[in-house]
Structure formats: C-alpha cells, structure tokens
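**Q** Next up is a structure, given as structure tokens.
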Amino acid sequence: MINKLWIFFIISGSIFLIINGKADVLNSQILSSGKTTLDLIMQIFPLLALWLGIMNIAKESGLLDKISKFISPLLSKIFPEIPKGHESLGLISSNIIANLFGLGNAATPFGLKAMESLQKLNPKKNEATRSMITFLVINTCGVTLVPTTIISLRMMHDSTDPTSIVMPCVIVTFLSLIIGLIIDRIFSRRYK
Amino acid sequence: MKLLSNLFIPVLVLTIIIYGAKKKLNVYDSFLEGAKEGLPMVVNMFPPLLAMILGINIFTNSGLVNEMFQFLKPLFYMINVPLEILPIAVMRPLSGSFGLALLNDLYTLYGVDNYLSILASIIQGSSDTTLYIITLYFGTIGIQKIRYALWAGLLADLFTVILSLIIVPLFF
C-alpha cells in the first residue's frame, strides 16, 4: 500500500515538474530530503531519549503496571485483544494524555514505546495487528484539548481571539475520533 | 489551561522519580537504561522517514495538487464547499509543515479571523499528519504490512473535514 503511494507521489510529482520545465526544483527536492529528514530526527532524538529514560523509571518502579491495571477496564473495550493489565495499556494511556494536553513531543516517545510493546504481543512481526491499527487511528485523529501550533500561528497574525477555535476543534476532533474508531472496527472485521 | 499545560511535565517527572525512589529503585541507572534505547530507535526511524519525506516533498512541491483543484472547481461550487480550504484538507494528512504553510497563506490572504481561515484552522487543528504517523510508528518497529491502517486513517481524516463543514457554521 505504502509502496504504491510512494511510487505515485514520486512519478506524478516528477513528471509534472519536468513537463513544466522545473527540473531544478525537482533536483533540489531530491537532494534536500536527506537534510530535511535529519533535521526532523534531530528534533525528535533528544526528547525521545529524555522521555524513554523517565518512562523506564516508571516501568521498573512498577508505576506503569499500576496505571495499566487502573486503565484496563476503560481501554479493554477499545483494545479487546490486549491482555488485562499489560504494560502497553499504560503506555497507550500516557500517549493519549500527553496528546490531550498538547504535548506532542512527549506523546511520540510514549506512542513509540506503546507500539514496541504491542509488537511483543504480535505473532507475525512484519504485519500490523488490530490493536496497533486502532492505536494508530487514535493518533491520526489528532485528539487534543489544545491545538498549540494553530493558536500560536493565530497569535502571530494578531487574531482578535486566537483561542476561539478551541471549542469547535475539540468537538470536531472527538466526533471524528468516535467515527474513526467505528471505521476501524468495521475494517478489522472485513480484513480477517 | 496554559498553567495546567506548563505544570503537567514537571509534575509528571517529579511523580515518577519520587515514586521510583520510594520503591528503592536506582532511578539514575534506570533512567540511563531507558535513555540508551533512544539511539537505536532513531536509527530505525531514519530510512522510512527519509523515503516518505522524499516522496512527499516531490509531490507537494510539484504544484500538481493546485492544478487538480482548478479542474474540480465547478463541482465544488455546485455542492457549496469553498474551494480555498481544499488544499489544506488534502495536504493535512500528508505533511504537517506544508499544511501549516498553506494555513499561513490563507491568514495572510483573507485575514486571520475570516470565516475561511477559521474553517481551515479547525480542519488543521482537529486532525494529524496520518501518513507521517504511520511511517514513524510502523517504520520504527519494522511493520511492513500495514493492512487497512492507511484507509482507516484517511477515511477518518475525510470525516474530520465533513464534520468541520457542519460544525464550524454553528459557532461562527
């Protein structure tokens, strides 16, 4: 799937640029993508290491297990395949909570850790499980109470009320999460 | 809300460290043990991210998307959807920075508190970069067969746009 999409992006974009005589743009896009990726990784890496360290304390002290047990009844409806009290539930909830508060750079390490933990439950290591996809959909829906980047962009443009978008954002994001979870459930039955 | 956001991280870090110390855990060693995993993780995420950024960069900078919208213009007039928000709706799942750049353009062109700008802000703010998240999470742990993940993610994104078109007029 990703393979086909990748081919489509590269071929269609390249041909369109060449036809319009913008081969120089194409050239610079190809050569600069490595630098762009490295910049992104350099942004992720320090905070990733930091949160993985903090998370490991929570794991080894048993705090994460406690959270997992506490959150189990709530999340087991959404993730029926994860055994009760499994550490991934604690990690999933940490990811969701960090996202809710608009802490994207803490949410990513928790999410990666949660995925790793779900991978331990996965019988086929190169294929995504149902729980992984459900967790992914929760993340792609961008559930948050504070859309921080949008608010700061609106402040930069001197909006009269930069936070006026928060309420409708929250409503839309939660409704789309519910729809996303329903779609996910329908698809998971279809793809058995 | 801002104070709560600012306090969240310090309180979280302190709680975890104090709890660890109370359980007589060597929290320092435990921290190092965890932080060490960061490097292999970024090493694993580099190739998939590089591939995706290469593809997305060529596609988004080609101008192909704008051309497609010109073609679709009459259709969208008919169903009363403002064409201006469409590039954002389409680009949002593909590229976070490109989406923000488009939003910035809209703010400059129409004014930040214009209805179109607000609608686009809410589309941008209530979803996330689906393709990036799939690449990052599945790429890092080595998942190759993503099954229906992309379809489920993109369909949910489509519903975000539809819901925004319904809900935003109720507020503004």
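The values are calculated or read from the model by the stated rules, or taken from the named source; none is laboratory data. Because the structure is a prediction, the values reported are computed rather than measured. No Cβ is skipped: glycine too gets one built from the backbone with ideal geometry, and neighbour counts run over all protein chains shown.
**Q** Give the residues of region B:71-95 that are surrounded by fewer than 18 Cβ atoms within 10 Å (Cβ to Cβ) and not hydrophobic (A, V, I, L, M, F, W, C), sorted by residue number.
**A** Residues satisfying the conditions are B:K73, B:P74, B:Y77, B:N80, B:P82.
**Q** Let me ask you something else. Please find, among A:S176, A:S152, A:S164, the residue that is at pLDDT below 95, within 19 Å of B:R92 (Cα to Cα), assigned to a helix (DSSP H, G or I) and small (G, A, S). Walk me through it before giving the result.
**A** On the way: A:S176 fails: at pLDDT below 95; A:S164 fails: within 19 Å of B:R92 (Cα to Cα).
One residue alone meets the criteria, A:S152.
**Q** Could you list all residues from region A:9-27 that are under 29 Å from the mean Cα position of the chain (by Cα) and more than 8 Å from every other protein chain (Cβ to nearest Cβ)?
**A** Matches in region A:9-27: A:I11 only.
**Q** Sort out for me the helices (runs of 4 or more DSSP H) sitting completely within region B:47-150 that have 3 or more residues that are closer than 27 Å to A:P162 by Cβ. Talk me through it step by step, then tell me what you get.
**A** Details: elements: B:64-78, B:86-91, B:96-110, B:115-125, B:130-141.
Helices (runs of 4 or more DSSP H) meeting the threshold: B:86-91, B:96-110, B:115-125, B:130-141.
Here is a yes/no grid of residues against (1) under 20 Å from the mean Cα position of the chain (by Cα); (2) under 22 Å from B:D29 (Cα atoms); (3) more than 13 Å from chain B (Cβ to nearest Cβ):
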{"position": "A:S32", "(1), (2), (3)": "no, no, no"}
{"position": "A:L40", "(1), (2), (3)": "yes, no, no"}
{"position": "A:L47", "(1), (2), (3)": "yes, yes, no"}
{"position": "A:W51", "(1), (2), (3)": "yes, yes, no"}
{"position": "A:K66", "(1), (2), (3)": "no, yes, no"}
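**Q** Have a look at A:T144, A:T149, A:T129 and point out the one that is farther than 22 Å from B:M41 by Cα, within 11 Å of chain B (Cβ to nearest Cβ) and surrounded by fewer than 21 Cβ atoms within 10 Å (Cβ to Cβ).
**A** Numbers: A:T144 fails: surrounded by fewer than 21 Cβ atoms within 10 Å (Cβ to Cβ); A:T129 fails: farther than 22 Å from B:M41 by Cα.
Checking each option against the conditions leaves just A:T149.
**Q** For residues that are without any contact (Cβ under 8 Å) to a residue 12 or more places away in the chain, facing chain A (nearest Cβ under 7 Å) and under 9 Å from A:A49 (Cβ atoms), tally how many sit in region B:18-41.
**A** Number satisfying all stated conditions: 4.
**Q** B:L54 - would you say it is in contact (Cβ under 8 Å) with a residue 12 or more places away in the chain, within 7 Å of chain A (Cβ to nearest Cβ), surrounded by 18 or more Cβ atoms within 10 Å (Cβ to Cβ) and of a type outside the set (F, W, Y)?
**A** Details: in contact (Cβ under 8 Å) with a residue 12 or more places away in the chain: no; within 7 Å of chain A (Cβ to nearest Cβ): yes; surrounded by 18 or more Cβ atoms within 10 Å (Cβ to Cβ): yes; of a type outside the set (F, W, Y): yes.
So B:L54 fails the test.
**Q** Only one of (1) in contact with a helix residue (DSSP H, G or I) (Cβ under 7 Å, 6 or more places away or on another chain); (2) within 8 Å of chain A (Cβ to nearest Cβ) fails for B:D113. Which number is that?
**A** It fails just one condition, (1).
**Q** Follow-up question, since we're still on this one. Of all residues being without any contact (Cβ under 8 Å) to a residue 40 or more places away in the chain and more than 7 Å from chain A (Cβ to nearest Cβ) in region B:137-172, which is nearest to A:L5 (Cα to Cα)? Just the residue, please.
**A** Checking each candidate, the answer is B:L158.
**Q** If we scan region B:48-67, do we find a residue that is modelled with pLDDT under 85, within 29 Å of B:V161 (Cβ to Cβ), hydroxyl-bearing (S, T, Y) and under 20 Å from the mean Cα position of the chain (by Cα)?
**A** Of the residues in region B:48-67, the ones modelled with pLDDT under 85 are B:65-67.
Then keep just the ones that are within 29 Å of B:V161 (Cβ to Cβ); that gives B:65-67.
After this cut, where a residue has to be hydroxyl-bearing (S, T, Y) as well, the list is none.
The answer is no, given that none of the residues of region B:48-67 is modelled with pLDDT under 85, within 29 Å of B:V161 (Cβ to Cβ), hydroxyl-bearing (S, T, Y) and under 20 Å from the mean Cα position of the chain (by Cα).
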